[in-house]
Amino acid sequence: MPKNDSENSEAHKILVIKLGALGDFVQAAGPFAAIRRHHQDAEITLLTSPPFAEFAGASPWFDNIEIDSRPSALQFGDWLALRRWLRGQDFSRVYDLQTSDRSGFYFKLFWPGTKPDWSGIAPGCSHPHANSRRDLMHTIERQQEQLSMAGIAGVETGDFSWVTADIERFGLDENFALIMPGGAAHRPDKRWSNENYQDLARHLISGGITPVFIGGADELPLTLDLAKVDPMCLSLAGETTISDLFVLARNAKLAIGNDTGPMHAAAAGGCKTVVLYSAASDPTLCAQRGEDVTIHRVDDLKELSIETVTQDLALAST
């Protein structure tokens, strides 16, 4: 029988599993806070991937951060080390917010010993997310329902007011917009054209707004090329932390870009946000959430004209 959920008043060791990616991590902030609130006196550890360790460690949600090495199938030594660590921590409950095949397999690593209470989708776990249509739910509502079934109600959207960063080093004036033209390299169908982003930059400049191109280090060639359209443009690809993204969003006039991880940070950070979707991703399942988010979706982003988007921007900036 599952343990009584009212035991949250006692000191326990809790494990939360969230490995990534950035958009998913941002949308797990509400559950992170709810777990912290429900287990106020517990020692809470997050098992995550290296890109999120520093950001999560600065948050008010966790006491410890543990890096998952994500061993491959043949890395038996790493699997044994992970198993020893999991079994040696004496966790009373695990919240698997990744709910992937990998994280579900971690439940099996407790065999043949006593398994902790487990919220997730692993077969045989104590608090399963028992909804056969869970994969048809938006990430936020899916996680809210999962935690509700584990005894945690009232899960709200993420609060990132605690995030701080020194963005003065970027030398920005007060009128700037974030442009995020990248995305997964193997998903070109999720990207609006470079020509359109250059036209967008010109449009912003005509309104006295500095275009600031954002992306990962691997997108630096792309953003540098786009920034050549005008000396007012700036590329910060590869220079921003997750915390930087949130603070930049707080100060930006607006953010616009493809369906990519940094756009989730922009939206959750309170920025006026316009996200461009193709048929390659479904906003009903993963749309950015925030105070002022506009989703613009067409089957093929080649069909999305610069005129349509600039009208969108006019609406978003009123």
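The values are calculated or read from the model by the stated rules, or taken from the named source; none is laboratory data. As the structure is a prediction and not an experimental result, all values here were calculated from the model. Neighbour counts are summed over all protein chains in view; Cβ atoms, including those assigned to glycine, are modelled from backbone coordinates with ideal geometry.
Taken over segment 70-108, residues that are under 23 Å from F32 (Cβ atoms) and either outside the structural domain of A34 (by TED's automatic domain parsing) or of a type outside the set (S, T, Y) (or both) amount to 17.
Picking from residues in segment 114-140 that are of a type in the set (S, T, N, Q) and surrounded by fewer than 16 Cβ atoms within 10 Å (Cβ to Cβ), the one that is nearest to V155 (Cα to Cα) is N131.
Let's see how each residue does on (1) more than 28 Å from E156 (Cβ to Cβ); (2) in the same structural domain as R142 (by TED's automatic domain parsing); (3) at pLDDT 95 or above; (4) not hydroxyl-bearing (S, T, Y):
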| site | (1), (2), (3), (4) |
| --- | --- |
| L226 | yes, no, yes, yes |
| L236 | yes, no, yes, yes |
| N251 | no, no, yes, yes |
| A266 | no, no, yes, yes |
| G270 | no, no, no, yes |
| A279 | yes, no, yes, yes |
| D282 | no, no, yes, yes |
| L301 | yes, no, yes, yes |
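Residues of segment 48-66 that are aliphatic (A, V, I, L, M) and in contact with a Leu (Cβ under 6 Å, 6 or more places away or on another chain): A56, I65. Here T240 qualifies as buried (at least 20 other Cβ atoms within 10 Å of the Cβ) and either hydroxyl-bearing (S, T, Y) or in a strand (DSSP E or B) (or both).
Which strands (runs of 3 or more DSSP E) sit wholly inside segment 1-113 and have at least 2 residues that are touching a residue at least 24 places away in the same chain (Cβ under 8 Å) and surrounded by 20 or more Cβ atoms within 10 Å (Cβ to Cβ)?
Counting at least 2 such residues, we get 13-17, 43-48, 93-96.
Looking across segment 113-141, the residues that are under 19 Å from the mean Cα position of the chain (by Cα) and closer than 16 Å to D101 by Cα come down to G120, R134, D135. Would you confirm whether any residue within segment 295-310 is more than 22 Å from Q198 (Cβ to Cβ), part of a loop (DSSP other than H, G, I, E, B) and in contact with a strand residue (DSSP E or B) (Cβ under 9 Å, 6 or more places away or on another chain)? The answer is no, given that none of the residues of segment 295-310 is more than 22 Å from Q198 (Cβ to Cβ), part of a loop (DSSP other than H, G, I, E, B) and in contact with a strand residue (DSSP E or B) (Cβ under 9 Å, 6 or more places away or on another chain). Test P112 against the criterion of being modelled with pLDDT under 95 and out of contact with any His (no Cβ under 7 Å at 6 or more places or on another chain), and give yes or no. When the stated conditions are applied, P112 passes them. Remark: pairs (first residue in segment 152-173, surrounded by 15 or more Cβ atoms within 10 Å (Cβ to Cβ); second residue among the aromatic types (F, W, Y); Cβ separation under 7 Å; 6+ apart in sequence or on different chains) = F160/F246; V163/F246.
Among the helices (runs of 4 or more DSSP H) confined to segment 130-236, the ones with at least 1 residues that are touching an Asp or Glu at 6+ places or on another chain (Cβ under 7 Å) are located at 139-149, 194-206.
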